[in-house]
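Presented below is the structure to which this report refers.
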Amino acid sequence: MLKLPGLIDPHVHVREPGQTHKEDWDTVTQAALAGGVTMVLAMPNTKPPIFDEATLNLALTSAKQKARCDYAQFLGAGPDNADKVAALADKAAGLKMYLDSTFGELRLDDMTLWMPHFANFPKSAPIVLHSESRTMAAGILFAAIYDRPVHIAHVSLKEEILLIKAAKEKGIKVTCEVCPHHLFLTAESPSPSGRGARGEGESSGRREVRPRLATKEDVEALWQNLDVFDCFATDHAPHTLEEKDSENPPPGFPGLETLLPLLLTAVDDGRLTIDDVIQKSVVNPRKIFNLPEQPETWIEVDETAEYEIKAANQFTRCGWTPFEGWKVKGKVRKVVLRGKTAFEDGKILAEQGYGMNVR
Ligand code: DOR
Ligand code: ZN
């Protein structure tokens, strides 16, 4: 049995308030614990989005009643809430800025709308950017001009990781994360049953995610530059199968329950080390997002357990996984959170409301 610290996932879409048919604070924190994650940072693109005191309280009230693991909630940057969110910084995980189009209403197209947020949000509090390709380059320029840290979410392209590497070498305060789906899937990956990505029988909606799955060359560049990544993050973004298979499929993959098995399988294959997992899923997220240590918290993993990933065994409400049928090695057996066994042998033991707001 391998003993590890509880993992921190800095990028999770909880869907409550507003879309609890996809997920809520109860099911998402069950999925987290089953995946060995003891702390989640929740994204603000809910319905309504979390963008002021009233909406922050809405999310935190549900979280307080239902969360089974520890958490904090991000605020969303809107066109006219820079003063409001800056005043709430202490109560939130940080500020999320959507600079490219994706799921939900929060989006800042015009760079003049970025400026008040960079000027006002406390430098000691995290800013996370959803920014792809050249938008990401603009975001890094903002970090340099305003001389403050930014964290780039879900890096997926070779050009992105090479630019972040160069920015770090220049001393610009930029950190970044990578998601398992961008490390293990490409736009061309065949599905586990051997069908093509958009092949017969598999809805193309199930491949929709933002940033999109990239080319093999991009994926190879991410693996080659693994040392440039500060964190692993799931971007757990549950949508139901009905929605994914519809005419207008929303982008996003669930990921909390597949993160650690996929990473441990990569460790077994010699592509990663256990120390990489600890640094990028515990030590660095704690530092970047100023998170407290969780006392008496650890997970126990059977590194030798081989099995197939199956949506039927998951706790997320969305009912599917892009990794269905994948063979992995490494199973979470037990999770102890603040002295209490929260998960053991497939059963959630932590109660609703046990989770603590770490802010
Ligand atoms: O694929 C995605 N889904 N990317 C995002 O940026 C948002 C997310 C969601 O909320 O569904
Ligand atoms: Zn996201």
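The values are calculated or read from the model by the stated rules, or taken from the named source; none is laboratory data. Predicted model, so just to flag it, every value in this text is computed and none were measured. Glycine gets a Cβ as well: all are built from the backbone with ideal geometry, and neighbour counts include every protein chain shown. Side chains included, ligands, DNA and RNA excluded: accessible areas come from the protein's heavy atoms. Shrake-Rupley method; radii C 1.70, N 1.55, O 1.52, S 1.80 Å.
Any idea which of (1) in contact with a Gly (Cβ under 6 Å, 6 or more places away or on another chain); (2) surrounded by fewer than 24 Cβ atoms within 10 Å (Cβ to Cβ) is the one GLU257 doesn't satisfy?
If we test GLU257 against (1) in contact with a Gly (Cβ under 6 Å, 6 or more places away or on another chain); (2) surrounded by fewer than 24 Cβ atoms within 10 Å (Cβ to Cβ), just (2) comes out false.
Suppose the filter is at pLDDT 95 or above, more than 29 Å from LYS123 (Cβ to Cβ) and either within 16 Å of ligand 1 (Cβ to nearest atom) or open to solvent by 10 Å² or more (accessible area, probe 1.4 Å) (or both); does ASP24 pass it?
When the stated conditions are applied, ASP24 passes them.
If you scan region 33-56, which residues turn out to be hydrophobic (A, V, I, L, M, F, W, C), in contact (Cβ under 8 Å) with a residue 60 or more places away in the chain and touching a Lys or Arg at 6+ places or on another chain (Cβ under 8 Å)?
LEU33
Can you tell me which residue within region 310-331, out of those that are among the β-branched types (Val, Ile, Thr) and within 19 Å of the chain's Cα centre (by Cα), is surrounded by the most Cβ atoms within 10 Å (Cβ to Cβ)?
Only one residue fits best here, namely THR316.
Can you tell me which residue is nearest to ligand 1 (Cβ to nearest atom) among those in region 221-243 that are part of a helix (DSSP H, G or I) and in contact (Cβ under 8 Å) with a residue 40 or more places away in the chain?
Among residues in region 221-243 that are part of a helix (DSSP H, G or I) and in contact (Cβ under 8 Å) with a residue 40 or more places away in the chain, the one nearest to ligand 1 (Cβ to nearest atom) is GLU243.
Output the residues belonging to region 78-102 that are open to solvent by less than 60 Å² (accessible area, probe 1.4 Å) and either within 14 Å of ligand 1 (Cβ to nearest atom) or charged (D, E, K, R) (or both).
LYS96, MET97, TYR98, LEU99, ASP100, THR102
Scan region 249-261 and give yes if some residue there is at pLDDT 95 or above, more than 16 Å from ligand 1 (Cβ to nearest atom), of a type in the set (Asp, Glu) and outside any helix (DSSP H, G or I), otherwise no.
Checked region 249-261: at least one residue is at pLDDT 95 or above, more than 16 Å from ligand 1 (Cβ to nearest atom), of a type in the set (Asp, Glu) and outside any helix (DSSP H, G or I).
Within region 201-217, track down each residue that is buried (at least 21 other Cβ atoms within 10 Å of the Cβ) and not in a loop (DSSP other than H, G, I, E, B).
If the condition is that a residue be buried (at least 21 other Cβ atoms within 10 Å of the Cβ) and not in a loop (DSSP other than H, G, I, E, B), then ARG207 is the only one that fits.
Given (1) farther than 27 Å from THR27 by Cα; (2) within 16 Å of ligand 2 (Cβ to nearest atom), where does ALA143 come up short, assuming only one miss?
(2)
Condition check ((1) closer than 20 Å to ALA237 by Cβ; (2) assigned to a loop (DSSP other than H, G, I, E, B)) across all residues:
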{"residue": "ARG15", "(1), (2)": "yes, yes"}
{"residue": "VAL40", "(1), (2)": "yes, no"}
{"residue": "PRO48", "(1), (2)": "yes, yes"}
{"residue": "THR61", "(1), (2)": "no, no"}
{"residue": "ALA72", "(1), (2)": "yes, no"}
{"residue": "SER101", "(1), (2)": "yes, yes"}
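Out of region 123-136, which residues are more than 16 Å from ligand 1 (Cβ to nearest atom) and open to solvent by 40 Å² or more (accessible area, probe 1.4 Å)?
The answer is LYS123, SER124, ARG134.
I need the full set of residues from region 336-359 which are aliphatic (A, V, I, L, M) and open to solvent by 40 Å² or more (accessible area, probe 1.4 Å), in order please.
Hits for region 336-359 are LEU349, MET356.
Working carefully through the options ALA144, ALA119, ALA187, find the one that is surrounded by fewer than 21 Cβ atoms within 10 Å (Cβ to Cβ) and in a loop (DSSP other than H, G, I, E, B).
Sole residue among the options that is surrounded by fewer than 21 Cβ atoms within 10 Å (Cβ to Cβ) and in a loop (DSSP other than H, G, I, E, B): ALA187.
Could you grab the pairs with beta carbons closer than 6 Å, sequence gap of 6+ or different chains, first residue in region 141-157 and free of Cβ contacts under 8 Å to residues at least 60 places away in the same chain, second one of a type in the set (Lys, Arg) and away from ligand 2 (no atom under 16 Å from the Cβ)?
ALA143/LYS173; ARG148/LYS123
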